[in-house]
Protein chains: 2
Amino acid sequence: MSVAIKIALNEGLYIKDPQDSELGRNIIEHSIDLIDELGIEAFTFKKLSIRINSTEASIYRYFLNKHLLLLYLVNWYWEWVQYLIQINSRNVTDSKERLKIIIRSIVSASRENPMVGYVNESKLQKIVISDGMKVYHTKDVDDENSKGFFRSYKNLALTISQVISDVNPNFKYPYALATNLFEMANNHLFFAHHLPKLTDISIQANVYDEMIEMLEYYVDKLLTE
Amino acid sequence: MSVAIKIALNEGLYIKDPQDSELGRNIIEHSIDLIDELGIEAFTFKKLSIRINSTEASIYRYFLNKHLLLLYLVNWYWEWVQYLIQINSRNVTDSKERLKIIIRSIVSASRENPMVGYVNESKLQKIVISDGMKVYHTKDVDDENSKGFFRSYKNLALTISQVISDVNPNFKYPYALATNLFEMANNHLFFAHHLPKLTDISIQANVYDEMIEMLEYYVDKLLTE
DNA sequence: TTTAAAATAATAGTATTACTATCTATTTTA
DNA sequence: TAAAATAGATAGTAATACTATTATTTTAAA
């Protein structure tokens, strides 16, 4: 008997829980591969069905459309980062130290041990970096927000903002800094690879270490009075 | 005889310069309206052609596809912000003051006097906030970057980074801060309206003033030694 | 072990999208 | 006043984003 770890995600994200069946887990595993290869624009359920030797109709029984599938994957990532923060800062009481752990978790989530076999966290991070923000930059944000589809991100922002406020209770923008740390990490990893003139991070050295250094510098400067 | 102001944009962005004809200017004007109404996903050349009483084929003579049209519009915005910074900081020598003007230009570009009649800068800013980052988050970034399609953004980042370095020559991340200011302004205006839990900016008060205050606080904290 | 229910596969079909091609009418310019 | 450029009208294609139906296989319960 294998111990099945299940990530709790908003039930509105899927039609049938993909974690509960072979086909469902196959959809997750190979959609990550395929979106990573093609980008979300060129990715289709048809192509995925061919890849996994199934049919379009079968995939539609799990997800309403590719936008919801992407949203499911991004939510998974948000939960994964939240989880990493929790286990990595388990025994840490100093809030400054906790913030450093948060930064490390945000930047190199992909280098941590995987949680479940069928999710390649490294590719998932690449997807989040490239296409993550597309899940809320739509005309349906308000509707989807009211259904709780962004709750994992909000929870993550809340967690981070609380540590920020612990470090400096007078800091006026804990939520903005929380999301900014997350978005900056993703954005500048992308810029470093594709639009280097838009960042100071270089891929010559270790991108992750540079990113961590920059974000640590940022929070230190912003939170020290 | 009317004085036609012409914005210089990379020639690879269009097939035929839309600024040079009535139909071209119509495409610009009404694509801004329609993308603002529908979002870039639901926007099609077919719908635009109906709106302007023309045909799909005619629009295709100006732009290769809707992605290139969006890229054209976003480039216009980047040029427009650059232009605003230039004219608003004309006679300003103090670099701290210049940086404040930059922040104001980034945040409330839409409230400035329009440059040309057929471009609604206010709607254009809304498009950039909602869909702007989609122009480079594609599988074609590297190819399009090599064609110079993001040069206006890089120029803008350069301009801002130079002022940042003037304020504090020891600051290690002038480019990252430059793009971050721009992205933060857009992101948090979006969050304030749609995902308020992800920001500290509220639409209760004057969003623009709050944004300016936050960004000024950020640069002051980061650049003061 | 049988049988019913549930899940999946196979197949087909539709409306829309994202184009390309061609031909004609009109306007501009040389 | 003819050539060239521009725009409009129309048609057509392959792919996308689905929905629907029926057949087959798997699983779980009686």
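The values are calculated or read from the model by the stated rules, or taken from the named source; none is laboratory data. Keep in mind that what you see is a predicted model, and the values were worked out from it rather than measured. Every residue, glycine as well, gets a Cβ built from its backbone with ideal geometry; the counts of neighbours run over all protein chains shown. SASA here: full protein model, heavy atoms, side chains in, ligands and nucleic acids out. Shrake-Rupley method; radii C 1.70, N 1.55, O 1.52, S 1.80 Å.
Summary table
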item: Options B:Ala192, B:Ala178: the member that is more than 7 Å from every other protein chain (Cβ to nearest Cβ) and over 20 Å from A:Lys172 (Cβ atoms); result: B:Ala178
item: Any hit, the stretch B:4-15, residues being within 12 Å of DNA strand D (Cβ to nearest atom), more than 14 Å from every other protein chain (Cβ to nearest Cβ) and not in a helix (DSSP H, G or I); result: yes
item: Check on B:Arg104, surrounded by fewer than 16 Cβ atoms within 10 Å (Cβ to Cβ) and touching a residue at least 12 places away in the same chain (Cβ under 8 Å); result: no
item: Residue in the stretch A:106-137 that is farthest from the other protein chains (Cβ to nearest Cβ), counting only those that are of a type in the set (Gly, Ala, Ser) and more than 22 Å from B:Asp200 (Cβ to Cβ); result: A:Gly117
item: Considering residues of the stretch B:28-43 that are part of a helix (DSSP H, G or I) and free of Cβ contacts under 8 Å to residues at least 24 places away in the same chain only, the residue farthest from DNA strand C (Cβ to nearest atom); result: B:His30
item: Filter result for the condition that a residue is within 14 Å of DNA strand D (Cβ to nearest atom) and surrounded by fewer than 18 Cβ atoms within 10 Å (Cβ to Cβ), over B:Glu41, B:Glu37, B:Glu29; result: B:Glu41
item: For B:Gln162: the one exception among (1) under 19 Å from A:Lys221 (Cβ atoms); (2) more than 11 Å from chain A (Cβ to nearest Cβ); (3) not β-branched (Val, Ile, Thr); result: (1)
item: Among residues of the stretch B:160-211, those that are part of a loop (DSSP other than H, G, I, E, B), of a type in the set (Gly, Ala, Ser) and either closer than 20 Å to A:Glu183 by Cβ or open to solvent by less than 20 Å² (accessible area, probe 1.4 Å) (or both), counted; result: 1
item: Yes/no for A:Lys126 being open to solvent by 30 Å² or more (accessible area, probe 1.4 Å), within 22 Å of B:Asp140 (Cβ to Cβ) and not β-branched (Val, Ile, Thr); result: yes
item: Residues located in the stretch A:1-27, provided they are among the hydrophobic types (A, V, I, L, M, F, W, C), free of Cβ contacts under 8 Å to residues at least 60 places away in the same chain and touching a helix residue (DSSP H, G or I) at 6+ places or on another chain (Cβ under 6 Å); result: A:Ile27
item: In the stretch B:138-159, residue nearest to the other protein chains (Cβ to nearest Cβ) [restricted to those that are surrounded by 21 or more Cβ atoms within 10 Å (Cβ to Cβ) and either basic (Lys, Arg) or part of a loop (DSSP other than H, G, I, E, B) (or both)]; result: B:Phe150
item: Pair list, Cβ < 9 Å and 6+ apart or interchain, from the stretch A:53-66 residues that are of a type in the set (Phe, Trp, Tyr) to residues that are open to solvent by less than 60 Å² (accessible area, probe 1.4 Å) and near DNA strand D (Cβ under 7 Å from one of its atoms); result: A:Tyr60/A:Phe45; A:Phe63/A:Phe45
item: Of all residues in the stretch B:212-225 being open to solvent by 30 Å² or more (accessible area, probe 1.4 Å) and more than 23 Å from B:Tyr77 (Cα to Cα), the one that is nearest to the other protein chains (Cβ to nearest Cβ); result: B:Lys221
item: Unmet criterion (only one of (1) open to solvent by 90 Å² or more (accessible area, probe 1.4 Å); (2) within 12 Å of DNA strand C (Cβ to nearest atom); (3) under 18 Å from B:Val116 (Cα atoms)) for B:Lys6; result: (2)
